[in-house]
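Derivation of every value follows stated rules applied to the coordinates shown; laboratory data play no part. What you are looking at is a predicted structure, and each value in this text was computed from that prediction instead of being measured. Here Cβ is always computed from backbone atoms with ideal geometry, including for glycine, and neighbour counts include all displayed protein chains.
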Amino acid sequence: MSEILSKVGAIFVPVGDISKAREWYCSILGLEPTFDIIAGHLCCIPLDNNGLNLVLDSKIYNADSYLRNPAFHFNTDDIDKAYHFMKDLGVELVTKIENGHWFNFKDPDGNMLMICKC
């Protein structure tokens with residue numbers, strides 16, 4: 001039996017400015033940006049009640065560290081509403097809604113992310 005759990009605990013995203021990144025991610029997720037900034041470069045944003053966190057980290061960021069392909073996606077129940085919500089926020093949309101299920105966008109640091117209807 002393995003001592004490693006088959007569960008993801010965190011997703012790391014390299015960011016240039018930890019305070020601005022916390023504000024931006026909280027704004028798209030509908031959360032208050034009250035999460036602590038740890039050691040001046042980390043911010044853990046809980047994504048669910050099962051212990052999954054989005055970890056923003058400015059210490060691992062450099063000009064070439066951004067995610068070029070989505071490493072994960074955020075879920076949505078309504079892809080059209082999600083697309084228009086992101087568009088209204090002025091988020092850089094990289095694709096239109098593809099196959100009625102997903103679209104890609106960039107965060108302010110150029111990381112490629114995805115929203116997918118599940």
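With the cut-off at under 20 Å, measuring from each backbone N in the stretch 80-113 to a point 7 Å along the Cα-to-Cβ line of ASP17 picks out 89-93, 106-112.
Proximity of backbone amide H atoms, modeled 1.01 Å from N, is registered between SER65 and no other residue at under 5 Å, excluding neighbours fewer than 5 places apart on the same chain. Look at the alpha carbon pairs under 8 Å that are at least 6 residues apart: their mean separation over the length of the chain gives a relative contact order of 25 percent.
Highest mean packing comes first when the peptides 94-101, 44-51 are listed by Cβ atoms within 10 Å, giving 44-51, 94-101. Using R0 = 30 Å, the C-beta based FRET efficiency linking THR34 and LEU89 works out to 0.95.
Calculated [222 nm] ellipticity per residue, helices only, for the chain: -5500 deg cm²/dmol; basis is -39500 (n - 2.57) per DSSP H run with n ≥ 4, divided by all residues, nearest 500. Ranked for footprinting exposure by Cβ neighbours inside 10 Å, fewest first, ARG22, ARG68 give ARG68, ARG22. Sequentially through the stretch 23-28, phi angles give Karplus couplings (6.51, -1.76, 1.60; θ = phi - 60°) of 4, 5, 5, 5, 5, 6 Hz, Gly and Pro residues having no value and appearing as x. I need the shape label for the stretch 66-118. Rule: rounded when a/c is under 1.5, else prolate if a/b > b/c, else oblate, with a, b, c from the alpha carbon gyration tensor. Note, shape of the stretch 66-118 comes out oblate. Ordering MET86, MET1 from the fewest to the most neighbouring beta carbons within 10 Å gives MET1, MET86.
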